[in-house]
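Remarks on the structure that follows.
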Amino acid sequence: MQMILASTNRGKYAELKDKLAPMGIDLLFGGDFDAPLNIEETGSTYEENAELKARAWVKATGTAAMADDSGLEVDALGGKPGIHSARAVSGSDADRVNWLLKSLNGKTDRSARFACAIVVIFASGKKISATEYCNGKIALSPAGTGGFGYDPIFIPDGYDKTFAQIGSDIKNKISHRAKAVKTITQIIKSVVQF
């Protein structure tokens, strides 16, 4: 079965492709298509944003599509940046990391969690979804070169290193996205006949 990842983020694609391949799902990379769609994320939740992307890709391609939306929720900032994590400030991932660290200056509560919603829309229009979390805290400064986004400053519970330091093998087992992929694959198995 083929499914398109409604994203041009290679980091997400690598994480998801490896998890879906054993199920016989050939995940296609949205960035390989001639005209990747840039869908405005106007939803008020991660799931709504993921659904907007998945439905647009199904409409454009006629193929089942998987989309995710994720974000970092920092307790001391009232859950921000949340669904606006990728757009909290303009610029690069490093710019957003620096903005977040500056926002936490003088704050002792550094607890946070990553959230990830994954939505699959089949060509028939049927929708399945899953939302999962990874709890942790924000480091005092960036560390590590792996991952993407806020990975250099997020330390998952039970570890003393950031997502950017622990390596993809561990991250791909404990992250919000890994948990959401595990849940969504269990749902896919229950609704798709292979």
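Points worth noting:
- One residue alone among 121, 188 is touching an Asp or Glu at 6+ places or on another chain (Cβ under 9 Å) and farther than 24 Å from residue 78 by Cβ, and that residue is 121.
- Residues that are closer than 30 Å to residue 21 by Cα, open to solvent by 30 Å² or more (accessible area, probe 1.4 Å) and out of contact with any Lys or Arg (no Cβ under 7 Å at 6 or more places or on another chain) occur in segment 62-75; there is at least one.
- Condition met for residue 52 (among the hydrophobic types (A, V, I, L, M, F, W, C), within 22 Å of residue 176 (Cβ to Cβ) and at pLDDT 90 or above): yes
- Of all residues in segment 76-89 being closer than 24 Å to residue 13 by Cβ and out of contact with any Gly (no Cβ under 8 Å at 6 or more places or on another chain), the one that is least open to solvent (accessible area, probe 1.4 Å): 88
- When residue 73 is tested against (1) assigned to a strand (DSSP E or B); (2) free of Cβ contacts under 8 Å to residues at least 40 places away in the same chain; (3) charged (D, E, K, R), just one condition goes unmet, and that condition is (2).
- Whichever residue in segment 5-34 is part of a loop (DSSP other than H, G, I, E, B) and touching a residue at least 24 places away in the same chain (Cβ under 8 Å) and, among such residues, is surrounded by the most Cβ atoms within 10 Å (Cβ to Cβ): 6
- In segment 35-52, the residues that are open to solvent by less than 40 Å² (accessible area, probe 1.4 Å) and either assigned to a loop (DSSP other than H, G, I, E, B) or touching a helix residue (DSSP H, G or I) at 6+ places or on another chain (Cβ under 9 Å) (or both): 43, 46, 49
The values are calculated or read from the model by the stated rules, or taken from the named source; none is laboratory data. These numbers come from a predicted model, not from an experiment. Here the Cβ is made from the backbone with ideal geometry for all residues, glycine too, and neighbour counts use every protein chain on show. Ligands, DNA and RNA are excluded from the accessible area calculation, which covers all protein heavy atoms including side chains. Shrake-Rupley method; radii C 1.70, N 1.55, O 1.52, S 1.80 Å.
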